[in-house]
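Below you'll find the structure, written out as structure tokens, and then a few comments.
The values are calculated or read from the model by the stated rules, or taken from the named source; none is laboratory data. Here the structure is a predicted model, which means the values were calculated and not measured. Don't worry about glycine lacking a Cβ; one is built from the backbone with ideal geometry, like all the others, and counts go over all protein chains shown. Please note that ligands, DNA and RNA were not included when accessible areas were found on the heavy atoms of the full protein model with its side chains. Shrake-Rupley method; radii C 1.70, N 1.55, O 1.52, S 1.80 Å.
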Amino acid sequence: MELKKDMAQSFLNKSSLSARTKLLHQVGASLYNTSHGFHEEEVKKTLLQFPGGSIDLQKKDNGIGILTLNNPSKMNAFSGVMMLQLLEKVIELENWTEGKGLIVRGAKNTFSSGSDLNAVKALGTPQDGVALSMFMQNTLTRFMRLPLISVALVQGRALGGGAEFTTACDFRLMTPESEIRFVHKEMGIIPSWGGASRLVEIIGSRQALKVLSGALKLNSEKALNIGMIEEVLQSSDETKSLEEAQGWLMQFVSGPPEVIRALKKSVCSGRELCLEEALQNERDLLGTVWGGPANLEAIARKGKFNK
């Protein structure tokens, strides 16, 4: 088994990967660094000044993780400490080799109301806003590139930054009474965690412009109609809807982790790279699973059926 992994890694190293493709392969790669005027350690020190809430992660034996935004007294708004913890959890998930899927949810039957206004008020200069934007774009881009199939379980309200976070997930599910709303315009700003760019990819530029400029309240029916979500769950109960979401996700993550993870990586490269680079990356990812245990087992199983 180790020999196969070494051969696959050697194959990857020898292949003609572009700089952008290598960046996509590299665990922990970020969009911004000091060359962009971004000083992560300084931003972290600033965010530490705004405590409250937590980001909780449960990693289950079936390969599904549950990431919970936990600050119910403020509708799960992101404090500075929660932003730091989100990065910590993303790093933990990057190293979870047995992981296949992830559900993102909020505590106490609501998703998230965005940023904690105490932090927003204190970080009042354009420089503060841009630094925070770069920090959260770094984190959510790494989140998007996780080799896990992710789904946002939207219960209650997903507002502002909470709405932006849902767009970083591969899929979105809503409970019947929930809503998604990009309220940035009403706050005199625009999305800054990458939400506008990702929203265009999800629902197209015309619909995205309507949603953002109108600060439209997307209830579950409207969100489903414009393609923002995959499905409206049957239950609004916190426990039952989580069970439903896990059942929904299982149809996409059944199978060996190495195959599910390679599939997610290939889709990421198709989204982020030009066609030629994406094709080469797909070829290289194939080298990590072709002739592997899952492949050989499937061939043997099919051979039995053909007899």
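Remarks
- Scope segment 152-187; condition basic (Lys, Arg) and part of a strand (DSSP E or B); matching residues: Arg157, Arg172, Arg181
- Output for segment 133-163, where each listed residue is within 9 Å of the chain's Cα centre (by Cα) and either of a type in the set (A, V, I, L, M, F, W, C) or open to solvent by 10 Å² or more (accessible area, probe 1.4 Å) (or both): Leu140, Thr141, Arg142, Phe143, Met144, Arg145, Leu146, Leu148, Ile149, Val151, Ala152
- Which numbered condition Cys268 fails, given (1) closer than 30 Å to Leu132 by Cβ; (2) open to solvent by 10 Å² or more (accessible area, probe 1.4 Å); (3) assigned to a helix (DSSP H, G or I): (2)
- Unique residue being of a type in the set (Val, Ile, Thr), within 15 Å of the chain's Cα centre (by Cα) and either modelled with pLDDT of 95 or more or more than 30 Å from Gln251 (Cβ to Cβ) (or both) when the list is Val120, Val104, Val81: Val104
- Top-ranked residue of segment 45-81 - restricted to ones that are over 17 Å from Gln246 (Cβ atoms) and of a type in the set (S, T, N, Q), ranked as surrounded by the most Cβ atoms within 10 Å (Cβ to Cβ): Asn76
- Of the residues making up segment 191-215, those that are hydrophobic (A, V, I, L, M, F, W, C) and modelled with pLDDT of 95 or more are Trp193, Ala196, Leu199, Val200, Ile202, Ile203, Ala208, Leu209, Val211, Leu212.
- Residues satisfying the stated conditions in segment 31-83, i.e. aliphatic (A, V, I, L, M) and over 25 Å from Asn109 (Cβ atoms): Leu31, Val43, Leu47, Leu48
- Top-ranked residue in segment 226-240 [being farther than 12 Å from Leu173 by Cα and among the β-branched types (Val, Ile, Thr); ranked as least open to solvent (accessible area, probe 1.4 Å)]: Ile226
- Pairs, first on the phi > 0 side of the Ramachandran plot and of a type outside the set (Val, Ile, Thr) in segment 243-264, second modelled with pLDDT under 95 and open to solvent by less than 50 Å² (accessible area, probe 1.4 Å), C-beta under 9 Å, six or more apart: Gly255/Ala294
- Going through (1) surrounded by fewer than 19 Cβ atoms within 10 Å (Cβ to Cβ); (2) farther than 17 Å from Gly101 by Cα; (3) among the small types (Gly, Ala, Ser) one by one, Ala223 falls short only on (1).
- Taking segment 188-229 as the range and being small (Gly, Ala, Ser), in contact (Cβ under 8 Å) with a residue 40 or more places away in the chain and in a loop (DSSP other than H, G, I, E, B) as the test, the residues that pass are Ser192, Gly194.
- The single condition among (1) open to solvent by 40 Å² or more (accessible area, probe 1.4 Å); (2) under 12 Å from the mean Cα position of the chain (by Cα) that Thr167 does not satisfy is (1).
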